[in-house]
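The values are calculated or read from the model by the stated rules, or taken from the named source; none is laboratory data. Keep in mind it's a predicted model, so treat the numbers as computed, not measured. Backbone-built Cβ (ideal geometry, glycine too); neighbour counts: all protein chains shown. For accessibility, only protein heavy atoms count, side chains too; no ligands or nucleic acids. Shrake-Rupley method; radii C 1.70, N 1.55, O 1.52, S 1.80 Å.
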Amino acid sequence: MMLFTSNPFQLGFSITLLRLLSTCLLFVLLIGSSISVSGQKINLPVLTKMDNVPDWISLMFAEDPNVWLIDKSYSDYYKVHPFEKTTFTQYYKKWRRAVNPYLTTDGYVRYPSDEAIWSQKTTFIDKLYQGNSLTSRDANWACLGPFEMLNDAIDGDQKPVSWQANVYCVDQSQSDPKILFCGTEGSEVYKTVDGGINWQPASRNLLVEAVTAVEINPSNPDIVFIGDRNGIYRTTNGGGSWASVLVESQINVNDIAIHPLNTNIVFVAAEKGFWRSYDGGIQWTKVYNQRCFDVELKPDTPDAVYLLKDNPTENRCEFWKSTNAGMTFSLKSSGWFAGTDAGRSNGGARMTVTPADPKRIYAVLIGQAKDGDNGFIGVYRSDDAGESWTLPNPPAGGPYSQAHPNLAVINPFSGTGFHQGYYNLGIAASHENADQLLVGHLSLWRSNNGGSSFQIMGGYGGGLEWIHPDVQDIKVLGKDTWLCT
C-alpha cells in the first residue's frame, strides 16, 4: 500500500491506490513449479535474556534451529496457552514462510550458494523464453480484478483503502518526478510514469525475491538498482530488462545510494555488510562485514557519506562518516547513544537528511538501551553533519510516557505490546522545513520541532483514516511524500 500527499507534514494525505493485484502476476506459475520465489523481509527480534520465554522462542534463537522442533513446540505451547500476538509470534509467522523453500528433510535451514542462486536465475530466464514469451503470455491472460479495495465498514459507508499488498520500498526520480519505482513483498517491481496514478509491473522477466531497496539514478530514470535477499539488480532501460550485478546469498539488502554528481558511485548497505562500486555497479568492493542498516549522502556535498553500522562487540548501532566518497570512514560518537547496560541490544536504525538544512541528520534507533525497554531507543539528531549528536526527546529507551512515547509499539504511551523491529521502520525529514519529521513503525508519527516531541498521525491511532499499520519506507522529494505500508 502507498499513500501520497502534496502537503507531507500536514494532516491531509490523499490515497493513491497501487493496483498491484490488478496486474495478475502469474508468471511464476506459468513457467513451472521448479523455481521458488519467497517474499517478506525478516529481521531477528531482540532477545537479551532466555529467562521466562516459551521453549519455541529459545529454539528459534538457536545457532542452527530445527524448524520441525520449533513448529511442534509452538503448537504444543498454544494448545495450553491462549494465543496473544507478540513481537516473537509476528517474527515466527514471517520467518516460517521465508525459510520454507530452504528446508532439508530433517528440518534444518540450508540456504543456497551464490553459484546455485546464479544457476536458478539462468534457468528462470531460459524457461521464460522457451516457447513461453512475454508476448504470448500477455495474449492468453486478462486481468479480471479486483481493481479497487474498500474498507469493511458495517454501516455501508465504504471508502477506498490502500490495503492491496505490502510495499517495502519506493524511490522517485529526481530528474523526472513523475517516474517512480517501488518494490513489493510479492517479489515484484512496479513503475509509474504519471506520478502514481497508474502502475505497471517492471520485473516480469526477473527472478527476484521480496524487493527491499530501490534507487533511481539521479540524472537518468532509466537506470535503476534494486536489492533483495540474494543480491543487487540493475536496469538501464527503465525496467524493460534487468541484469544481476551482485550475487551474495542472504545479503538482505537494506538500502542503496547513488552519488548524484558521479552516478558511477553506488553504495549498498545490507545485513551481510557494506559494498561500494565506482563503475556503475559492474564491480563491487566489500568495505565492511558487519550489518549495515542505512546509507545517506549529504545533500549539498555528496562526497560526505553517512553509514549506520552494527558494532557486535559493543552491541550498539554506530554512525560512521566518509568525506571522500566512501573511500574511508571514521566513527562519529560525540553525543551518540553509548549505553553500557548489560541489557542493551541493537535492533537496527534508519536515518534521513534534508536539503532544507544540509547539515541536519536524524537517526531513529531501535532495540533496547537497558533491561525493560521494548524495541525503541530514540530519535537522535545532528546539526553539524554528524560530528556531534543530541537526543531531543530523552531518555534513551524507557520509561515511556505521553511526553516520551515508544514510537515502535502498539501501546506507545505505556510502552507495552508488540512491535516488529526493523520490519517496520521508516524516517524522512521535510525538504522545506528541517524541523519537520516523519517516523514510521507500526504507526506513523510526526514531529514539528526537530524531534523534541511527536504526535501520532495514523495506523493504530491518529486522525488520518485508513493508513494501514506497518510503515516500511518513507521518501520525500520536494513537496511530495511517499509512504509504504
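A few notes on this one:
- Members of the stretch 467-485 found to be touching a residue at least 60 places away in the same chain (Cβ under 8 Å) and not in a strand (DSSP E or B), listed by number: I467, H468, D470, Q472, G478, K479, T485
- Filter result for I226 (touching a residue at least 40 places away in the same chain (Cβ under 8 Å) and in a strand (DSSP E or B)): yes
- Residue, nearest to P260 (Cα to Cα), within the stretch 337-362, restricted to residues that are of a type outside the set (G, A, S) and open to solvent by 40 Å² or more (accessible area, probe 1.4 Å): P355
- For the stretch 192-221, a residue qualifies if it is of a type in the set (V, I, T), modelled with pLDDT of 95 or more and over 23 Å from W118 (Cβ atoms), and the qualifying residues are T192, V193, I216.
- Flag for S452 being touching a Phe, Trp or Tyr at 6+ places or on another chain (Cβ under 6 Å) and either open to solvent by less than 10 Å² (accessible area, probe 1.4 Å) or over 23 Å from T87 (Cβ atoms) (or both): no
- Among the conditions (1) touching a Pro at 6+ places or on another chain (Cβ under 9 Å); (2) open to solvent by less than 20 Å² (accessible area, probe 1.4 Å), A408 misses just one, which is (1).
- Residue match in the stretch 251-269 (condition: charged (D, E, K, R), out of contact with any Asp or Glu (no Cβ under 9 Å at 6 or more places or on another chain) and open to solvent by 10 Å² or more (accessible area, probe 1.4 Å)): no
- Residue among G195, G183, G238 that alone is within 25 Å of G280 (Cβ to Cβ) and part of a loop (DSSP other than H, G, I, E, B): G238
- Each residue in the stretch 99-127 was checked for being in contact with a Leu (Cβ under 6 Å, 6 or more places away or on another chain) and either open to solvent by 40 Å² or more (accessible area, probe 1.4 Å) or hydroxyl-bearing (S, T, Y) (or both), and 0 pass.
- Breaking point among (1) modelled with pLDDT of 95 or more; (2) closer than 21 Å to L425 by Cα; (3) open to solvent by 40 Å² or more (accessible area, probe 1.4 Å), for F181: (3)
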